[in-house]
Amino acid sequence: MTRLAVVVPCYNEAAVLPDTARRLLTVLADLRARGKADEGSALYFVDDGSSDGTWQIVEALAAKERRVQGIKLSRNCGHQNALLAGLFSASGDAVITIDADLQDDPEAISGMLDAYHGGADVVYGVRRCRTADSFFKRFSAEGYYWLLERLGVEIIFNHADFRLLSRRAIDALKGYDERNIFLRGVVPRLGFNSAMVHYDRTERPAGETKYPLGKMVAFALEGVTSFSAAPLRAITLVGFVVSLLSFAGGLWALWERLVNHEGVPGWASTLVPMFFLGGVQLLSLGVIGEYVAKTYIESKRRPRYVVEGQIGSGFGGSGDKF
Ligand code: UDP
Ligand code: MG
């Protein structure tokens, strides 16, 4: 029988946590009753440096129910690192990661486990529709998936971080040692047999999103720069085209001056390309800067997260490599 761990990253989720725990414990009890998951199956909450008493709630839940376990990170390390902390410390044959706000449907867990029993090492939770999201979020998400696909990044459409990973897949994931990990791009690279389970994403019942616009943009950039050097190549291409155009423009100016004996007309034709080129150059420097910064951050090899405390058995407890 399968020992299942359900990892729930939580950053200031006190408002939803008791409900979430109740729902997920019901799902686990049901899976046990149906013989799909074994007695040791548990919930693993990862407190990602919350300041609203999230950890106290986890402790209180754990005192009442031994199937509630958790780790507390020493500060806010970010969603992706909180997921890694849970994946690497929870023990189980299979680990499912799910958001604390229950926007991902816990009922889909049973289907994920079926796919795992059917031989899949990776099971993706895929949103059937995105009507619960705002127009902006839907529109930007569609555009983003399109862009990633164009850049050759393998990514599952409408899949976020609701997924099942087998022990084998988690071990393979340990080889991806980058500091700023983008799991949606890394997991499809692991290979193995995979499957998809569709579900409807609902609205956040309480609390507010931990992904405001700025964080969302940073996360989106991370996805591009972690997997593709295409923006760097695009700069070369733009540089090439612009140089070619300026060369043609130069020839034309010479022709006007020497053959037609006309002065090069007005300052607009001088200033416009100057500003344009200035813009292109700054943008290019910015893009190169992104990659340089990334190399710098990776080269420091700082820990991705630090574990401050834990509840329950089954943890490696060592956190990440130092
Ligand atoms: N989260 C986290 N650390 C962070 C930000 C978010 O652990 O720094 C967790 C959060 O508690 C939630 C999940 O990541 O369980 C997804 O966040 P949220 O629901 O706010 O994102 P959205 O659904 O709005 O994209
Ligand atoms: Mg959410």
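Residues considered: G249, G223. Of these, the only one that is in a helix (DSSP H, G or I), under 19 Å from S284 (Cα atoms) and out of contact with any strand residue (DSSP E or B) (no Cβ under 8 Å at 6 or more places or on another chain) is G223.
Flag: R138 does not match the condition of being over 26 Å from R32 (Cβ atoms) and modelled with pLDDT of 85 or more. What number of residues within the range 157-180 satisfy the criterion of being at pLDDT below 90 and aliphatic (A, V, I, L, M)? Adding up the residues that qualify gives 1. Within the set E178, E203, the sole residue that is outside any helix (DSSP H, G or I), more than 14 Å from ligand 1 (Cβ to nearest atom), in contact (Cβ under 8 Å) with a residue 12 or more places away in the chain and surrounded by fewer than 19 Cβ atoms within 10 Å (Cβ to Cβ) turns out to be E178.
Yes or no, residue by residue, for (1) at pLDDT 95 or above; (2) away from ligand 1 (no atom under 16 Å from the Cβ); (3) acidic (D, E):
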{"site": "V7", "(1), (2), (3)": "yes, no, no"}
{"site": "C10", "(1), (2), (3)": "yes, no, no"}
{"site": "E13", "(1), (2), (3)": "no, no, yes"}
{"site": "L31", "(1), (2), (3)": "no, yes, no"}
{"site": "R34", "(1), (2), (3)": "no, yes, no"}
{"site": "G40", "(1), (2), (3)": "no, yes, no"}
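When the range 206-219 is limited to residues that are within 16 Å of ligand 2 (Cβ to nearest atom) and part of a helix (DSSP H, G or I), the one that is nearest to V287 (Cα to Cα) turns out to be F219. Is it true that R184 is within 13 Å of the chain's Cα centre (by Cα), among the charged types (D, E, K, R), surrounded by 15 or more Cβ atoms within 10 Å (Cβ to Cβ) and within 16 Å of ligand 1 (Cβ to nearest atom)? So R184 passes the test. From the list G191, G239, the lone residue that is over 30 Å from F276 (Cα atoms) and more than 16 Å from ligand 1 (Cβ to nearest atom) is G191.
The residue pairs whose first member lies in the range 92-107 and is in contact (Cβ under 8 Å) with a residue 40 or more places away in the chain and among the charged types (D, E, K, R), whose second member is away from ligand 2 (no atom under 16 Å from the Cβ) and assigned to a strand (DSSP E or B), and whose beta carbons are closer than 9 Å, counting only pairs six or more residues apart or on different chains, are D93/T2; D93/L4; D93/A5; D93/S166.
Out of A82, A115, one residue alone is in a helix (DSSP H, G or I), within 27 Å of G175 (Cβ to Cβ), within 16 Å of ligand 2 (Cβ to nearest atom) and among the small types (G, A, S). It is A82.
Inspection of the range 54-63 identifies at least one residue that is closer than 17 Å to G312 by Cα and polar (S, T, N, Q).
The values are calculated or read from the model by the stated rules, or taken from the named source; none is laboratory data. The shown structure was predicted, so the numbers you read here are calculated from the model rather than taken from an experiment. Virtual Cβ from ideal backbone geometry, glycine too; neighbours counted across all protein chains shown.
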